[in-house]
1. With respect to the numbered conditions (1) of a type outside the set (A, V, I, L, M, F, W, C); (2) buried (at least 16 other Cβ atoms within 10 Å of the Cβ); (3) under 19 Å from residue 123 (Cα atoms), which one is the sole condition not fulfilled by residue 69?
2. What's the number of the only condition in (1) of a type in the set (Val, Ile, Thr); (2) farther than 15 Å from residue 43 by Cα; (3) surrounded by 16 or more Cβ atoms within 10 Å (Cβ to Cβ) that residue 100 fails to meet?
3. Can you confirm whether residue 91 is of a type in the set (D, E, K, R) and under 17 Å from the mean Cα position of the chain (by Cα)?
4. Looking at (1) at pLDDT 85 or above; (2) surrounded by 14 or more Cβ atoms within 10 Å (Cβ to Cβ); (3) not small (Gly, Ala, Ser), can you tell me which one residue 94 breaks?
5. So residue 77 fits all but one of (1) out of contact with any helix residue (DSSP H, G or I) (no Cβ under 7 Å at 6 or more places or on another chain); (2) over 30 Å from residue 21 (Cα atoms); what number is the exception?
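The values are calculated or read from the model by the stated rules, or taken from the named source; none is laboratory data. The structure displayed is predicted, hence computed values, not measured ones. Cβ sites come from the backbone with ideal geometry, for glycine too, and all protein chains shown count toward neighbours.
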Amino acid sequence: MVKKKIQFVVLALFTVMIIFFSLFGESLYSATKPKVMVAKPVFYSSADDSFYAIPKSAYIDGNVYLIESEAGFSVTLNRVVAVDVSVEEIEGFYNDMYRVVSGLSGGESIAGSSDKPLKDGMYVVVKTNVRL
């Protein structure tokens, strides 16, 4: 009789856990990962010069973090990959941007800013409207 009670309690706890994680799993996952805003290198062109530029907030300790997406079980997982990038200051109108000298081309999605420090290979949550 005691064995059946233990089996019932274990089954009930397992069922409650399955229901809990089915309902709140994505929220728990999102709460534990850094939230990043996505940026893309911007192409500027004039009669004299043309170049790609990135926001200064995207350049962290000599690296820019590319965002790579992969299919998860029920959500798309986003991972950041550190890329060594050379940049230089831009004078004048573009003072909140860096000019990309090497390491990036147009079209890549990069982490424009984050609410937590990023590390190479870390999974992140991509947010479109978030306060950082």
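1. Unmet condition: (2).
2. (2)
3. no
4. The one condition residue 94 does not meet is (1).
5. (2)
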